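Visitor: I'd like to ask some things about the structure below.
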Amino acid sequence: MLENKFKAKCLKQLRELPGTWWVIYNATQVRGIPDVIGCVWGRFVALEFKRADAKKDKSRETLQKYVASKIAQTGGVAFDRVDPANWDAVFDDIELLSR
């Protein structure tokens with residue numbers, strides 16, 4: 001599944017959760033900013049989406065992990081690799097926050 005189609009499918013599910021707000025961040029010139037950012041009952045949440053067959057880019061992934069760690073250090077929740085294989089677990093974690 002293409003990353004954009006997968007992202008759109010996930011975003012639809014996320015937007016159905018109570019107490020949440022989500023937006024896709026489309027800044028191709030700013031590296032490290034997560035693909036989707038949102039708020040769940042006042043808590044910042046960030047998601048970095050990957051295709052299941054995405055080639056590894058060590059420098060990009062290192063930056064994305066760094067950004068995710070900074071978000072977590074400040075009380076937010078960040079998922080630095082969301083793909084079709086782990087989507088259900090990620091969604092379950094976010095759904096718990098929305099209760």
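The values are calculated or read from the model by the stated rules, or taken from the named source; none is laboratory data. Remember, predicted model here, so these are calculated numbers, not experimental data. We place every Cβ from the backbone using ideal geometry, glycine too, and count neighbours over all the protein chains shown.
Visitor: Select from region 82-99 the residues that are at pLDDT below 95 and either touching a strand residue (DSSP E or B) at 6+ places or on another chain (Cβ under 6 Å) or part of a helix (DSSP H, G or I) (or both) and list them in ascending order.
Guide: Once the filter is applied, which keeps residues that are at pLDDT below 95 and either touching a strand residue (DSSP E or B) at 6+ places or on another chain (Cβ under 6 Å) or part of a helix (DSSP H, G or I) (or both), region 82-99 yields only VAL82.
Visitor: Among the residues of region 16-61, write down those that are surrounded by 10 or more Cβ atoms within 10 Å (Cβ to Cβ), in a loop (DSSP other than H, G, I, E, B) and touching a residue at least 24 places away in the same chain (Cβ under 8 Å).
Guide: Residues satisfying the conditions are LEU17, GLY19, ARG31, GLY32, ILE33, PRO34, ASP35, TRP41, LYS50, ARG51, ALA52, ALA54.
Visitor: When the residues of region 16-62 are narrowed to those that are of a type in the set (Lys, Arg) and out of contact with any strand residue (DSSP E or B) (no Cβ under 6 Å at 6 or more places or on another chain), which ends up farthest from LYS5 (Cα to Cα)? Full working, then the answer.
Guide: Filtering region 16-62 down to residues of a type in the set (Lys, Arg) leaves 31, 43, 50-51, 55-56, 58, 60.
Within this subset, residues satisfying the condition of being out of contact with any strand residue (DSSP E or B) (no Cβ under 6 Å at 6 or more places or on another chain) are 31, 43, 51, 55-56, 58, 60.
On the way: ARG31: 21, ARG43: 26, ARG51: 10, LYS55: 18, LYS56: 20, LYS58: 24, ARG60: 22 Å.
In this case the residue turns out to be ARG43.
Visitor: Could you count how many residues in region 75-99 are β-branched (Val, Ile, Thr) and within 20 Å of ARG31 (Cα to Cα)?
Guide: As a first pass, look at region 75-99 and keep what is β-branched (Val, Ile, Thr): 77, 82, 90, 94.
From what is left, the residues that are within 20 Å of ARG31 (Cα to Cα) are 77, 82.
Going through region 75-99 one residue at a time, the tally reaches 2.
Visitor: Count, please, the residues in region 63-81 that happen to be modelled with pLDDT of 95 or more, among the charged types (D, E, K, R) and either surrounded by 15 or more Cβ atoms within 10 Å (Cβ to Cβ) or not in a helix (DSSP H, G or I) (or both).
Guide: Matching residues across region 63-81 total 0.
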